[in-house]
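This report concerns only the one structure given below.
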Amino acid sequence: MSYSTIEKYCSKRSVSLVAVSKTKPAAAITEMYAKGQRVFGENKVQELVDKQAKLPEDIDWHFIGHLQRNKVKHIAAFISLIHSVDSEKLIQEINKQGAKVNRIIPVLLQFYIASEESKFGLDWSEAEKLLDNKAAFANVQICGVMGMASFTSDEVQVRQEFGKLKKVFEKINAKYFPNEPSFKTISMGMSGDYEIAIEEGSNMVRIGSLLFGARNY
Ligand SMILES: *Cc1c(COP(=O)(O)O)cnc(C)c1O
């Protein structure tokens, strides 16, 4: 599908589009940048650092993969949004590195919504524990939630899982961020399920293969 088709689909619904460029060469990003895209998502620190160094400075880089604590320091100075906070230890480290570079780093809390065992993410009680302690993280801005649905063709299940994340967002918003407009992001939906995700309340989709073609690892 073409970039402009997806871009139009999203902007009509006020959904932001993260172009997931992982494994793709810098030239593929440059091509999409020329069409107007500024937000790109990567899931490997080294790959992100290499691309950031050689691509235009006004790109907003989002980190969307599992983030190891010892690698936060490599991206702290420039990252626009980390989607994948899945432990209190990780947010502590992001806070520490944010302080070092004098930034408030925007993050999302990643929730475990799929039925598959392998997915990373917080459950509700872990999230509460982290959020009860949020005043300790002055160099982090918690902007919303992120989740991945199960990899299945069962549309009913996918819809249910996205619905679950929307409810988690609302619960956190009411309990921890009332009247805080910066808590606003629901990052859900990928190439195979972004339409369902948007119907279920997503306002940020992360789309890779549909934009760049299939990845060969
Ligand atoms: C790779 C990836 C995507 C994009 O996947 P596509 O199916 O290619 O759109 C989105 N989110 C995360 C967390 C990913 O790792």
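The values are calculated or read from the model by the stated rules, or taken from the named source; none is laboratory data. All figures in this text were calculated on a predicted structure; none of them were measured in a lab. Positions of Cβ are generated from backbone atoms using ideal geometry, with glycine treated the same way; all protein chains shown enter the neighbour counts. The accessibility values were calculated without ligands, DNA or RNA, using every heavy atom of the protein model including side chains. Shrake-Rupley method; radii C 1.70, N 1.55, O 1.52, S 1.80 Å.
Below is a table of values for the structure above.
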{"item": "For the stretch 55-93 and the stretch 175-195, distance of Cα centres in Å", "result": "18"}
{"item": "Nearby lysines by direct alpha-carbon distance to LYS8 (threshold 19 angstrom, same-chain neighbours under 8 apart not counted)", "result": "LYS35"}
{"item": "Of LYS44/LYS184; LYS51/LYS166; LYS22/LYS89; LYS164/LYS184; LYS51/LYS73; LYS73/LYS134, pairs whose Cα-Cα distance is over 23 Å", "result": "LYS44/LYS184; LYS51/LYS166; LYS22/LYS89"}
{"item": "Packing rank of 192-199, 176-183, where each peptide gets the mean count of other beta carbons within 10 Å, highest leading", "result": "192-199, 176-183"}
{"item": "Gain in span if fully extended, ARG13 to GLU57, counting 0.36 nm per residue against the direct Cα distance", "result": "13.1 nm"}
{"item": "Extended-chain gain in nm, criterion 0.36 nm per residue less alpha-carbon gap, LYS184 and GLN160", "result": "6.6 nm"}
{"item": "Percent accessible area from carbon and sulfur atoms, the stretch 1-137, protein chains only, probe 1.4 Å", "result": "49"}
{"item": "Accessible surface, per residue, of the chain when the full set of protein chains is kept, probe 1.4 Å, Å²", "result": "49"}
{"item": "Proximal aspartates and glutamates to LYS54, defined as alpha-carbon separation beneath 17 angstrom and excluding residues fewer than eight positions away on the same chain", "result": "GLU31, GLU42"}
{"item": "Amide H partners (placed H, <5 Å) of ILE82, local residues excluded", "result": "PHE63, VAL107, LEU108"}
{"item": "The stretch 79-217 - Rg over Rh from alpha carbon coordinates, Kirkwood radius", "result": "0.98"}
